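Participant: Mind having a look at this structure? Questions to follow.
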Amino acid sequence: MRPRIGITSSTGDGPGGSYNQRNCVNTSYIAWVERHGGLPLLLPNTVPDRAAECLQTLDGLLLSGGEDLHPRTYGREPLRGMGTVDVPRDAFEQPLIAAALASELPILGICRGIQALNVVAGGTLRQDLATDAGSTLQHRMSTTGGPLEQHRLQVVPGTRLHALLGDEPAWVNSYHHQAVDDLAPGFAVCGTASDGVVEAIERPGERFVLAVQFHPEVLPAGNRVSEALFAAFLSACRAAG
């Protein structure tokens, strides 16, 4: 059987306004899970009390990208550069992640996913890199034509990510304005940008718990970084199933 991969979704208004509210996810997440032999299953932002129950038939959890987390979820007030927040997603996704961390479920987080994982585990976020003096790169890039990879990924030796990518230089895309600030206890930084912004974290140990700030699902098939991440995640999900 193909491993069953739950993919978190965003809340948003469909055509016609808020009366047509929907839960959705970009099809690129689905395509990459299928490419590596998984069965993608979308998780709607339902009643938070049902979060743990949603994990019972899954072999892995993919935390997709999306809007900002509300800063109250990590004990802070909103700063000027805060963007749109997805409160229904916060309410459902946080107990979902907590339950997944408490189980043996493999986790791969992407963009908002790294942020949500870090917050649930006890960390905090930098709310807007554009107004943060500690950030010098452009982390919210838009390009027309040409390669999608925009800045270097500096991988920390001795980490799971290093075992996947090795010493060959890696370049990644960048579509975010927030990032990990205080790292959650029990986690390790395994990748950074050249300006020190956290690009990847992992929980050391045998179980696969890894999250990245960039978007491997947007990079084309055959991309070395994307293929390595999804292959390792789906392999861990097969082993856990």
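Participant: Name the residues in the stretch 124-149 that are open to solvent by 50 Å² or more (accessible area, probe 1.4 Å), free of Cβ contacts under 8 Å to residues at least 60 places away in the same chain and among the hydrophobic types (A, V, I, L, M, F, W, C), would you?
Facilitator: If the condition is that a residue be open to solvent by 50 Å² or more (accessible area, probe 1.4 Å), free of Cβ contacts under 8 Å to residues at least 60 places away in the same chain and among the hydrophobic types (A, V, I, L, M, F, W, C), then ALA130, ALA133, MET141 are the ones that fit.
Participant: Let me ask something else. Those residues that are in contact with an Asp or Glu (Cβ under 8 Å, 6 or more places away or on another chain) and farther than 25 Å from PRO216 by Cα, I need them from the stretch 65-80; list them, please.
Facilitator: PRO71, THR73, LEU79, ARG80
Participant: On to the next question. Can you report the number of residues in the stretch 28-42 which are open to solvent by less than 20 Å² (accessible area, probe 1.4 Å) and within 15 Å of the chain's Cα centre (by Cα)?
Facilitator: 3
Participant: Give the number of residues within the stretch 127-172 that are closer than 15 Å to VAL189 by Cα and of a type outside the set (A, V, I, L, M, F, W, C).
Facilitator: Count: 6.
Participant: If ARG152 satisfies all but one of (1) open to solvent by 60 Å² or more (accessible area, probe 1.4 Å); (2) assigned to a loop (DSSP other than H, G, I, E, B); (3) in contact with a Ser or Thr (Cβ under 9 Å, 6 or more places away or on another chain), what's the number of the condition it fails?
Facilitator: With respect to (1) open to solvent by 60 Å² or more (accessible area, probe 1.4 Å); (2) assigned to a loop (DSSP other than H, G, I, E, B); (3) in contact with a Ser or Thr (Cβ under 9 Å, 6 or more places away or on another chain), ARG152 is out only on (2).
Participant: Does TYR29 meet the test of being of a type in the set (Phe, Trp, Tyr), closer than 15 Å to ALA211 by Cα and modelled with pLDDT of 95 or more?
Facilitator: Taking the combined requirement at face value, the residue satisfies it.
Participant: Turning to a different aspect of this structure: Would you confirm, using the coordinates I've provided, whether ASP86 is over 16 Å from LEU61 (Cα atoms), of a type in the set (Asp, Glu) and open to solvent by less than 40 Å² (accessible area, probe 1.4 Å)?
Facilitator: When the stated conditions are applied, ASP86 passes them.
Participant: Right, next: Closer than 28 Å to ASN223 by Cβ and under 21 Å from the mean Cα position of the chain (by Cα): is that true of LEU62 in this structure?
Facilitator: Yes: the conditions hold for LEU62.
Participant: Looking at (1) among the aliphatic types (A, V, I, L, M); (2) within 19 Å of ASN118 (Cα to Cα); (3) out of contact with any Ser or Thr (no Cβ under 6 Å at 6 or more places or on another chain), can you tell me which one MET1 breaks?
Facilitator: (2)
Participant: Here is a follow-up. Restricting attention to the stretch 168-191, report how many residues are part of a loop (DSSP other than H, G, I, E, B), at pLDDT 95 or above and open to solvent by 30 Å² or more (accessible area, probe 1.4 Å).
Facilitator: 5
Participant: Here's another thing I want to ask about it. Can you list residue pairs whose Cβ atoms sit under 9 Å apart, with the first residue in the stretch 215-231 being within 15 Å of GLY37 (Cβ to Cβ) and the second being surrounded by fewer than 17 Cβ atoms within 10 Å (Cβ to Cβ) and of a type in the set (A, V, I, L, M, F, W, C)? Count only pairs 6 or more apart in sequence or on different chains.
Facilitator: That search, which allows pairs on different chains as well, returns ALA221/ALA31; GLU227/ALA221.
Participant: Okay, moving on. Please verify whether ARG140 is farther than 23 Å from CYS237 by Cα and in contact with a Phe, Trp or Tyr (Cβ under 8 Å, 6 or more places away or on another chain), treating the condition exactly as stated.
Facilitator: When the stated conditions are applied, ARG140 passes them.
Participant: Right, something else. Of all residues being buried (at least 19 other Cβ atoms within 10 Å of the Cβ) and of a type outside the set (A, V, I, L, M, F, W, C) in the stretch 96-123, which is nearest to ARG238 (Cα to Cα)? Just the residue, please.
Facilitator: Only one residue fits best here, namely PRO106.
Participant: Going through the stretch 45-76 one residue at a time, which ones are surrounded by fewer than 15 Cβ atoms within 10 Å (Cβ to Cβ) and in contact (Cβ under 8 Å) with a residue 60 or more places away in the chain?
Facilitator: Selection gives nothing.
Participant: Among the residues in the stretch 15-27, are any within 20 Å of ASN118 (Cβ to Cβ) and either among the hydroxyl-bearing types (Ser, Thr, Tyr) or open to solvent by less than 50 Å² (accessible area, probe 1.4 Å) (or both)?
Facilitator: No; the residues of the stretch 15-27 include none that is within 20 Å of ASN118 (Cβ to Cβ) and either among the hydroxyl-bearing types (Ser, Thr, Tyr) or open to solvent by less than 50 Å² (accessible area, probe 1.4 Å) (or both).
The values are calculated or read from the model by the stated rules, or taken from the named source; none is laboratory data. Treat the numbers as computed from the prediction; the structure is a model and nothing was measured. With ideal geometry, Cβ positions are generated from the backbone for all residues, glycine too; neighbour counts draw on all protein chains shown. Only protein heavy atoms, including side chains, enter the accessible area calculation; ligands, DNA and RNA are left aside. Shrake-Rupley method; radii C 1.70, N 1.55, O 1.52, S 1.80 Å.
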